[in-house]
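Structure, as structure tokens:
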Amino acid sequence: MEKLIGPIITLIIALITNAIAFYQFRVKFKTFNEFDKLFLNKSEQKKLTDFQFLSDWLFLFFAMYLMPLIAFYQFEKPSNNWSLYLGTFGLLFMIISICCFVPVFIYSFQKDLPIKKYSRARKWGLANMLLSLIWIYPISYLIVTGKNWNVLPAIILFALLYSLFLNLVANQTKKKFSNTEYLVDILTEEELKQTPLIHAYTIDDKKSVLYHGGDSSRKTFYVCDFSSKIYLRYTPFQELDLNKNELRRTIPNDSKTTYKQ
């Protein structure tokens with residue numbers, strides 16, 4: 001027993017350390033918005049994206065598949081007739097669910113799939129997830145109550161992969177935020193003093209985000225590093241998509257150019 005104390009303590013410390021790191025990263029992810037990502041490098045942005053995908057995947061797996069599997073341990077084993085009925089029922093719906101899921105998966109990953117059809121793919125994915133519960137619960141119930149532990153890793157692996165594919169469909173068809181481009185102006189300290197600003201939040205120990213006091217839309221941000229005296233104004237930039245037929249020029253004597261939007 002004394003030989004096990006050391007490894008157990010090491011394992012507990014490792015679990016606590018990883019839990020703290022996970023919590024800190026979770027808080028950072030939840031508090032970040034699209035504007036904050038402007039100040040992250042590509043590596044950190046990729047970490048946030050991967051973390052969101054991993055969190056959604058594991059949550060789906062634990063909530064929909066693993067937790068009911070653990071709960072079935074408290075139930076009694078059914079009779080042989082019921083076991084045969086549930087087994088046949090579960091296998092039948094497993095085949096139906098897989099056959100329905102493959103077209104949904106292929107449909108969701110079409111390169112030319114219009115965004116307006118994303119909702120249809122998501123509805124099909126949700127329906128398929130509910131359909132998977134019809135067969136995985138009876139099979140899990142039979143495995144746990146019958147104490148068929150040699151089959152348990154297979155059903156867990158299958159549920160893990162199935163939830164992964166479902167999450168891939170949801171991630172592929174979720175609403176994509178357009179990357180807003182910003183015009184950046186460097187302000188002097190005098191210009192900043194003349195601007196009524198409202199503090200919003202801090203990005204890190206040095207940089208703070210502020211809004212213009214008279215801008216109710218709050219689309220324009222001010223990022224200030226007061227220690228380095230660097231003051232930046234971020235204004236959303238909307239690029240005009242001008243068609244040649246929409247372009248109208250005035251007479252040559254006029255130096256201005258007008259555009260019909």
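Nothing in this text is a laboratory measurement; each read-out follows from the coordinates by a stated rule. Just so it is clear, the model here is predicted, and its values are computed rather than measured. Using ideal geometry, Cβ is built from the backbone for each residue, glycine included, and neighbour counts are taken over all protein chains shown.
Computed extension length for residue 102-residue 123: 6.1 nm, one decimal, from 0.36 nm per residue of separation with the Cα-Cα distance subtracted. Each label point was placed 7 Å from the Cα along the Cα-to-Cβ direction; for residue 77 and residue 181 their separation is 6.8 nm. Spin-label model, residue 89/residue 161: points 7 Å from Cα along the beta carbon direction are separated by 2.6 nm. In loop segments of the range 125-188 as defined by DSSP, the chymotrypsin sites (Phe, Trp or Tyr not before Pro) with at most 14 further C-beta atoms inside 10 Å of their C-beta are 149, 177. Overall, the range 54-172 carries a charge dipole of about 340 debye about its Cα centre when +1 sits on the Cβ of Lys and Arg and -1 on the Cβ of Asp and Glu, all other atoms neutral. Taking amide H as placed 1.01 Å from N in the peptide plane, the amide H of residue 230 sits under 5 Å from that of 225, each at least 5 places away or on another chain.
A Förster distance of 22 Å, applied to the separation of the beta-carbon atoms of residue 55 and residue 152, puts the FRET efficiency at 0.30. Amide H contacts under 5 Å for residue 197: 213, restricted to partners 5 or more places along the chain or on a different chain, H placed in the peptide plane at 1.01 Å from N. Residue separation of residue 192 and residue 43 scaled by 0.36 nm, minus their Cα-Cα distance, works out to 50.4 nm of gained length.
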